[in-house]
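First up is the structure itself, then whatever we jot down about it.
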Amino acid sequence: MDFLHQFVQQLINGVSLGSIYALIALGYTMIYGIIKLINFAHGDIYMVGAYIGFFAITRAGLSIVPALLISMVVTGILGMIVERLAYKPLRHAPRISVLITAIGVSFFLEYASMYFVSPTPRTFPEVIPSVAFNVGPFIVNGQQMLIMGITLVLMLILTYIVQKTKLGKAMRAASFDVETAQLMGINADRVISFTFCIGSALAAAAGVLVGVYYNSIDPLMGIMPGLKAFVAAVLGGIGILPGAVAGGIILGVIEALVSGFISSTFRDAAAFAILILVLLFKPSGIFGKNTREKV
Amino acid sequence: MNLLRKNDLIMLGLSLVIFAILQVLITTKVLTSFWELNLIIIGINVIMAVSLNLINGYTGQFSLGHAGFMAVGAYTGVVMTTFFHLPFIVAIIAGAVLAGLLGFLIGLPTLRLRGDYLAIATLGLGEIIRIVIMNLDYVGGAAGFKGITHHTNFAWVFLIMLFTLFVIKNFVNSSHGRACIAIRENEIAAEAMGINTTKYKVMAFTIGAAFAGVAGCLFGHNFYIISPGSFTFLASFNYLIMVVMGGLGSITGSIAGAFVVTFISAVLAPWPEFRMIIYALALILLMFYRPQGLFGYMEVTSMGIFRRIFKRGHES
Amino acid sequence: MSEVLLKAENVSIVFGGLKAVSDFDFYINKGELIGLIGPNGAGKTTAFNLITGVYQPTTGSIEFAGKSIVGKKPYEITQRGIARTFQNIRLFSELTVLDNVKIAFHSHVKYGLAETVFRVGRYFSEEKQIEEESMKLLKIFKLDGHAYDQAKNLPYGAQRRLEIARALAAKPKLLLLDEPAAGMNPQETKELMEMISWIRKEFGLTVLLIEHDMSLVMGICERIYVLEYGMIIANGTPKEIQENPEVIRAYLGGEA
């Protein structure tokens, strides 16, 4: 009984952590789906989002929802600028060149942030009263409710955009084949720009929520969650939106279980071990189809 | 006497002259210990960069976990000298063997992956290595390994660096090396030409890992303490920057890259954020304007000035 | 008496429900020059990929020099003596023309890793031999003037010739040429025909070629197989093929 109790409790923690990964993974997967780039800088976009949220709350005195929205808008624009300046000129370059550029952008965002906001971690203000709800014998705290609630709302909005709007349809078309999509009259540059915007906005939301959850943010906070969100995207099948969400949540749960039952020091190793196992045994991920190279 | 052998001897002679000059400057304290330390770091970085170049540049298999193998070499080495009181050279060999063995075991399954998937998998494996070391109380865990005897000096580093360069240069200029380069150029065609692509990918990865182990052992014995924090994937990125800056597929380039990056790091050490911002911008601009790196596939021995020295120094 | 070099029986391959090649039955005698023709998408390149181990057949057997090669990796098949060129040229484009050829000597190199790294033993003598033989091959294909140029900078026709030179460097018994004349002008095609006939005699080769240029196929092939929808619909001498109503139907689309 005690084991089961702890197990379910870790499951709750895992789902809320996994929601964060899912939000970041969505951006990864959308960007990879269209331009086949592992955007190493995506985790740093999430960090910038957290800082913008932080300043919106502490300097402008906003409450959590407006701060979240402002952070999403500003970070979304930042994502577009990054794409325009760093990735667009390399549209036809070898993928490895773009990957290296992404590493460069990642360093730039990390250390430029460090320069402007100092490397010391900041304490994120308490934006919602720290309450805990008892659901039967289990505890769900206010932050966890907030994370899961906002993640759910954002996912519904994203689903609407991707399925119903014209740009969303263009995005889906481009993720199959950018060149064919262009021949069908889709403006690929605009679609890519839009994809970076949405992906970055979702990452920003994740950043602000993490600030609320862990109360602490710093300029290098994006590195690990960024990598893990990529793991989540691969786990779910890269380029597949529901896959990213499922991957994120599964990863969050596994990490919570490893921390709870083995040791928190092995948490990061667990994520990478999953990555390698998936890549070796089902590189197309849970929801993906296998493809082969034409000779 | 064979022409190629003559070129080798000329290069070797030149290197030994440079070594003698630097060693004299160090012994007579003309070069302060700050500069000696930086020369040692440059030498270690050259080994790291050249061995990574064998994997990333020559064979075209994008690895981001090189620091993990360095860690294996470093820890193996310090265990040998500190716990078993073995000679330094034995520690170096042990570090190379263990790192190489691990490279082989890791390479065998993962090198089936391509491009960015391989990159992220090797990054993950490098991190797993580090996390495992962090959890080994035997070697000090997260706090680090303390009480190491200082063995590394400029002579060790320079001579081992020279040996590394010699081995890797000879390897890439052989049928084995050509097999690796063919894989980079076109894997399907390489296979169709009778090249066992899996074997050569794993071979390049193993050799690269073994030399990273050597570099790690030298690195480990340069300070009195080492900790897992020195071998994160950010360290791997650092070696990648050297290789990319110098040119994927050029030994000369890797030497230059290691030199430039170490020098810039040393000069900008008081302003760490600034240093990383410059790195980042340099990397991005390089990809925009010179994605093949400073040297591309060129070697210094095939350039005009050396051609004249060697009469016909064409070797590739 | 002719001896069978390559024999395929009942070979089929299925890609996700689609039979790309079915009941492929054919043989090549030692020393023959065989053509494989057929409309686009008939499965000719797939047949090459099956022979060279790029694809594994779903059913059937393929024997080369009396031994089964099903399940062997492409490099193992090359080492046994089948070399090929590619329809969409696959040179090592960043490397020099000479290096492209030297690479293909790979499976005949005897010096080991230790000899390589310390440059002792057979290293120098074998490297010298490889270089000489490579230059000889380049000379045959009139590429010796470009030996130190990057392969990607060669004109198109020269790239196709380099592919053949490179395949020959692997010292095959059977040479597979996938549309060697694609993109060549009539003059180049004519030269290529002569060259193929010549190297075949000179190196004692057996040749199987896929080609769309009928003048080339009819001009040099001794026997021709015709593929359509993954099946062999005809097999015979150029003259027999030209008169075969099935083949005429397949190419002209008329009623047989």
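The values are calculated or read from the model by the stated rules, or taken from the named source; none is laboratory data. Quick caveat: nothing in here was measured; it's all calculated off a predicted structure. Using ideal geometry, Cβ is built from the backbone for each residue, glycine included, and neighbour counts are taken over all protein chains shown. The accessibility values were calculated without ligands, DNA or RNA, using every heavy atom of the protein model including side chains. Shrake-Rupley method; radii C 1.70, N 1.55, O 1.52, S 1.80 Å.
Hey, could you check segment C:140-151 for residues that are within 13 Å of another protein chain (Cβ to nearest Cβ) and open to solvent by less than 70 Å² (accessible area, probe 1.4 Å) and say which is farthest from residue B:182 (Cα to Cα)?
C:147
Out of everything in segment C:87-139 that is in a loop (DSSP other than H, G, I, E, B) and more than 8 Å from chain B (Cβ to nearest Cβ), what residue ends up being nearest to residue B:193 (Cα to Cα)?
Only one residue fits best here, namely C:89.
Residues C:96, C:85, C:59: which one is crowded, with 21+ Cβ neighbours inside 10 Å and touching a residue at least 24 places away in the same chain (Cβ under 8 Å)?
Result of the check over C:96, C:85, C:59: C:85.
Taking the stated definitions as given, is residue C:181 crowded, with 21+ Cβ neighbours inside 10 Å, within 14 Å of chain B (Cβ to nearest Cβ) and not basic (Lys, Arg)?
When the stated conditions are applied, residue C:181 does not pass them.
Here are A:97, A:130: which of them is open to solvent by less than 40 Å² (accessible area, probe 1.4 Å) and either within 13 Å of chain B (Cβ to nearest Cβ) or among the hydroxyl-bearing types (Ser, Thr, Tyr) (or both)?
Answer to the selection: A:97.
Give segment C:189-213 a look and list any residue that's open to solvent by 60 Å² or more (accessible area, probe 1.4 Å) and part of a helix (DSSP H, G or I), or say none.
Across segment C:189-213, the qualifying residues are C:190, C:191, C:194, C:198, C:201, C:202, C:203.
What's the total number of residues in segment C:22-56 that are touching a residue at least 60 places away in the same chain (Cβ under 8 Å) and either loosely packed, with under 14 Cβ neighbours inside 10 Å or within 14 Å of chain A (Cβ to nearest Cβ) (or both)?
8
Consider segment B:34-61. How many of its residues are in a loop (DSSP other than H, G, I, E, B) and buried (at least 24 other Cβ atoms within 10 Å of the Cβ)?
2
Could you check, for segment B:90-111, whether at least one of its residues is of a type outside the set (S, T, N, Q), at pLDDT below 95 and under 30 Å from residue C:171 (Cα atoms)?
Yes, because at least one residue in segment B:90-111 is of a type outside the set (S, T, N, Q), at pLDDT below 95 and under 30 Å from residue C:171 (Cα atoms).
Within 25 Å of residue A:11 (Cα to Cα), touching a helix residue (DSSP H, G or I) at 6+ places or on another chain (Cβ under 7 Å) and among the small types (Gly, Ala, Ser): which single residue out of A:130, A:113, A:97 fits that description?
Selected residue: A:130, the only one of A:130, A:113, A:97 that is within 25 Å of residue A:11 (Cα to Cα), touching a helix residue (DSSP H, G or I) at 6+ places or on another chain (Cβ under 7 Å) and among the small types (Gly, Ala, Ser).
Pairs only if they're at least six apart or on different chains, beta carbon under 7 angstrom, first in segment B:22-45 and in contact (Cβ under 8 Å) with a residue 40 or more places away in the chain, second open to solvent by 70 Å² or more (accessible area, probe 1.4 Å) and not in a loop (DSSP other than H, G, I, E, B); list them, first residue then second.
B:42/B:259
With the requirement that a residue be within 30 Å of residue C:84 (Cα to Cα) and open to solvent by 10 Å² or more (accessible area, probe 1.4 Å), what does segment B:198-230 give you?
Correct list: B:198, B:199, B:201, B:203.
How do the pairs read when you match residues in segment B:179-202 that are within 7 Å of chain C (Cβ to nearest Cβ) and under 18 Å from residue B:107 (Cβ atoms) with residues anywhere that are assigned to a helix (DSSP H, G or I) and polar (S, T, N, Q), using Cβ under 8 Å and keeping only pairs 6 or more apart or on different chains?
Between residues of segment B:179-202 that are within 7 Å of chain C (Cβ to nearest Cβ) and under 18 Å from residue B:107 (Cβ atoms) and residues that are assigned to a helix (DSSP H, G or I) and polar (S, T, N, Q), the close pairs are B:191/B:197; B:191/C:78; B:195/C:107.
Considering only residues that are open to solvent by 30 Å² or more (accessible area, probe 1.4 Å) and either under 13 Å from residue A:213 (Cα atoms) or assigned to a helix (DSSP H, G or I) (or both), look in segment A:112-127 and name the one that is nearest to the other protein chains (Cβ to nearest Cβ).
Looking at the filtered set, the residue picked out is A:115.
What is the residue count in segment B:247-259 for residues that are in a helix (DSSP H, G or I), over 19 Å from residue B:65 (Cα atoms) and open to solvent by less than 10 Å² (accessible area, probe 1.4 Å)?
Summing the residues that are in a helix (DSSP H, G or I), over 19 Å from residue B:65 (Cα atoms) and open to solvent by less than 10 Å² (accessible area, probe 1.4 Å) in segment B:247-259 gives 1.
So residue A:238 ticks every box in (1) part of a helix (DSSP H, G or I); (2) under 20 Å from residue A:27 (Cβ atoms); (3) touching a residue at least 24 places away in the same chain (Cβ under 8 Å) but one. Which box is left unticked?
(1)
Give the residue that is most open to solvent (accessible area, probe 1.4 Å), with candidates limited to residues of segment B:77-92 that are closer than 17 Å to residue B:153 by Cα and assigned to a helix (DSSP H, G or I).
B:89
Table: residues versus (1) of a type in the set (A, V, I, L, M, F, W, C); (2) touching a Ser or Thr at 6+ places or on another chain (Cβ under 8 Å).
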| position | (1), (2) |
| --- | --- |
| C:218 | yes, no |
| C:223 | no, yes |
| C:228 | no, no |
| C:232 | yes, no |
| C:235 | no, no |
| C:243 | no, no |
| C:246 | no, no |
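For segment A:183-216, enumerate the residues that are touching a Pro at 6+ places or on another chain (Cβ under 8 Å) and buried (at least 22 other Cβ atoms within 10 Å of the Cβ).
A:206, A:210
Can you tell which of A:244, A:273, A:269 is closer than 18 Å to residue B:120 by Cα, open to solvent by 20 Å² or more (accessible area, probe 1.4 Å) and of a type in the set (A, V, I, L, M)?
Only one candidate passes the filter, namely A:273.
Taking segment B:111-142 on its own, how many of its residues are more than 8 Å from every other protein chain (Cβ to nearest Cβ) and either farther than 30 Å from residue A:239 by Cβ or crowded, with 16+ Cβ neighbours inside 10 Å (or both)?
Number of matching residues: 13.
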